[in-house]
Amino acid sequence: TLFALTPTIRPKAASQEDSLRKAGFSKVDVPETQLFPGEINRVSLYRKAVKAGERLQFRKMVLLVLADGIFGFLIAWEAMSLTSFFLVIGDGANAARRSAAYTYVVMTHIATGFILFAFLGLAQHAGSLNFAQIAGATGSLGGWQRDAIFLCALLGFGTKAGLIPLHI
């Protein structure tokens, strides 16, 4: 089961309640909770029962966030990408789903290549594959190297996030 907290719908308040309902979440029958003083800070709890493939995908995303270095990040990234591929392709009987899955896997591996170049540029500058050491060394990046790493990261993560909209 997956849970989500969102502000309760109020005038001039950001809320994801409609989006959560469309995604299959249902409101948990508990009173609204007030996090801070004021009317706008009321939140509602939603839950969704997830299928086995979605549960596996969620676990891969958690591993991605917990990675402490480039190698672990890329392993989790690839596991997440392959899990997504199999969720999209399903049983493979539908030609449109197969086409979408193959387009996805090609684009995600192009994105991985750009991310790898960005990470390798950072690792070369920091002398380490560890994110903590990379973070400490990024302040001294300059000029074309900084710009190239930024562009690679933008293209890599942006492709994965839908900067190149393949769904239209």
Legend entry - FRET E, pair residue 87, residue 116, Förster distance 25 Å, beta-carbon r, rounded to 0.05: 0.60
Inset, instruction - Compute the length gained on full extension between residue 59 and residue 18: take 0.36 nm times their separation in residues and subtract their Cα-Cα distance, giving the result in nm to one decimal. - result: 12.2 nm
Legend entry - Virtual spin-label span in nm between residue 102 and residue 68, 7 Å along Cα→Cβ: 4.2
Inset, instruction - Calculate, in nm to one decimal, what residue 49 and residue 144 gain on full extension: separation in residues at 0.36 nm each, minus their alpha carbon distance. - result: 29.4 nm
Inset, instruction - Using 0.36 nm per residue of separation minus the Cα-Cα distance, give me the extension gain between residue 164 and residue 28 in nm, one decimal. - result: 45.4 nm
Legend entry - Net charge over other residues, Cβ less than 10 angstrom from the Cβ of residue 20 (K, R count +1; D, E count -1): +3
Inset, instruction - Skip the ligands, DNA and RNA, and give the accessible area per residue of the range 63-168 with a 1.4 Å probe, whole Å². - result: 59
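The values are calculated or read from the model by the stated rules, or taken from the named source; none is laboratory data. Fair warning: this is a prediction, and the values are worked out from it, not measured in the lab. Quick reminder, even Gly has a Cβ in these numbers, built from the backbone with ideal geometry, and neighbours come from all protein chains shown. To get the accessible areas, we keep the full protein, side chains included, count just its heavy atoms, and leave off ligands, DNA and RNA. Shrake-Rupley method; radii C 1.70, N 1.55, O 1.52, S 1.80 Å.
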